[in-house]
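Data first, discussion second: the structure below is written as structure tokens.
What follows is calculated from the coordinates using simple rules that are stated; it is not laboratory data. Source: prediction; values computed, not measured. We place every Cβ from the backbone using ideal geometry, glycine too, and count neighbours over all the protein chains shown.
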Amino acid sequence: MNLLVSIVIPCYNQGKFLDTTVKSVLEQSYRHFEIVIVNDGSTDKETLEVLNQNKWDKTTIHHIENSGVSNARNFGISHAKGEYILLLDGDDLIKPTYLEKAIEVFKKNPSVKVVTTEVGYFGKKKGTFNLPEYSLEGLMGQNLMVITSLFRKRDFLLTSGFNSNMKAGFEDWDFWLSFLKEGGSVFKIREVLFLYRISKRSRNSSISLETQSTLRRQIYENHIDLFHSSFFNPLLSFEYTNVVNSKEYRLGLMLLRPLRKVLNALNF
């Protein structure tokens, strides 16, 4: 039995890249899918021309007033017919075997709630992201997954979807907390099947430190039940993770190790 996958692509002024993104979906080895594009009130002439002129196979295009990526994703998912959902931004790419391999994981492991993959990046820079392994405790401190990860629509409907109060950023992190706080395992395919485009000024990378602080506080308030019901160690914060993973911190530990042995020997 082939399970229908809905690839939901929100688009706001990304006409320059949209055709390439859609073609990466149309080249999938797993053929039982639909594409749902949500034009989030684009004003760019090139984007409007691409949306009006292209006749992509398996694709439905919806036009809504600009309301932000969270609302665009919620709208797209509400109009999706598939049992499974894959969110894909309008300038990113998936490799041809993404759906085939991700669906196979769900077939073999019904208890899995999310299937994600290794992530590469391209554009202004090329390489591979080294993302931490998933745990709910770790997710409470920082985002651990890209939004282009496969999940069941029925599980999405048990949440309130993407929160519109995260319009300034970090909406992916906020969503994964909503999606996984009641439990469920995450399976990572050890292969780069998703490619994230690096541009001159991506939204999350350009968020000021002050805005980041405000957004982290908003995430805490959005999930205050989770943070209050769990033993949350503040040392799992993004800032702490950056420190302990730094070369300077590891060098300091290495230099202090001989001194610690001496102190232990002296019963200090």
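Which value results for Rg/Rh of segment 1-74 when Rg is the Cα radius of gyration and Rh the Kirkwood radius based on the inverse mean 1/r? Rounded to two decimals, Rg over Rh is 0.98. A straight chain from His228 to Asp155 at 0.36 nm per residue would run longer than the Cα-Cα distance by 23.9 nm.
Give the shape of segment 106-184 as rounded, prolate or oblate, defined through the alpha-carbon gyration tensor: a ≥ b ≥ c are the square roots of its eigenvalues, a/c under 1.5 means rounded, and otherwise the shape is prolate if a/b is larger than b/c and oblate if not. Oblate is the answer for segment 106-184, as a/c is 1.5 or above yet b/c matches or exceeds a/b.
Packing here is the average count of other Cβ atoms within 10 Å per residue, and on that basis the peptides 111-118, 143-150, 190-197, highest first, run 143-150, 111-118, 190-197.
Fraction of C-alpha pairs exceeding 23 angstrom in segment 32-184: 41 percent, rounded to a whole number. Counting only lysines at least 8 places from Lys45 when in the same chain, those with an alpha carbon closer than 23 Å to its own are Lys16, Lys23, Lys55, Lys200. Potential lengthening of the chain between Lys167 and Met1 amounts to 55.9 nm, from the contour at 0.36 nm per residue minus the alpha-carbon distance. Which FRET efficiency, nearest 0.05, do Glu221 and Ser185 yield, Cβ-Cβ r, R0 22 Å? In this case the efficiency is close to 0.20.
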